Structure formats: structure tokens, C-alpha cells
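Here's the structure, in C-alpha cells; my notes come after.
Just so you know, all these numbers are worked out from the coordinates, no wet-lab data involved. These numbers come from a predicted model, not from an experiment. Heads up, the Cβs are rebuilt from the backbone with ideal geometry, glycines too, and the neighbour counts pull from every protein chain shown.
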Amino acid sequence: MAKWTPKHEAPEPLEGPVVATITGGTLVWFVLFLVQLPFYGWFADHGHTWWLWTCLAGGGLGLIGIWYVRRRDAAIKRAAADRETSKDLPR
């Protein structure tokens, strides 16, 4: 079991424009759904309607993702502001 023990600490997670990334991905899912919607008949005839519903589900889950990352970003900013405020308080 010792050979599976990490030899160094894990790096800090990368932070980037998470809200913009999730919003862009969500828009892509919805656009893919809308582009495929006029071809519903063809998809139904060939048994591929799940392609449309996958895009719609991706867009719906993306909306949940946008809500989540916006709240996460706000919490991170609040925590940073609280740390700065606590540094400024006299002891």
C-alpha cells in the first residue's frame, strides 16, 4: 500500500473564468438543440431523437451549473473580503 501514497502535495486548483466557461458551454448545448430541432422528423425516423434530448439536457444542466458557479464565485469573493476585513480590525 505504501507505493500508492502520494510523494508530494497536490497542486492548488486552477481558477479561471469559470462563469464564462459554463455559460458558453450552456449556450453551445442550447444552440445545438435549436439547430437540430427542424430535423426532428429525420431523427425520429432513424431512431436518433436522443441526440436532441441530450442537447436539451445539457442546456438544462448548464443552467444549474451557471447558478452553482455564480454562487461559488460570490462565496469566494465574500470570503476574501472577510479575510481582508479581519486583517484590518484592531486586536
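Here are the numbers:
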item	result
Computed lengthening from Arg70 to Leu34, 0.36 nm per intervening residue step minus Cα-Cα distance	10.4 nm
Dipole of the stretch 27-91, positive direction: furthest Cα of Ala57, Thr85, Val35, with charges on the beta-carbon	Thr85
Estimated [θ] at 222 nm from DSSP helical runs (n ≥ 4, -39500 (n - 2.57)) normalised by residues in the chain, nearest 500	-25000 deg cm²/dmol
Value in Å of the Kirkwood radius, where the chain supplies the Cα pairs that are averaged	17.1 Å
Chain lengthening between Thr54 and Thr85 when straightened (0.36 nm per residue, less Cα-Cα)	6.6 nm
Normalised contact order of the chain, rounded percent, pairs of Cα under 8 Å and 6 or more residues apart	33 percent
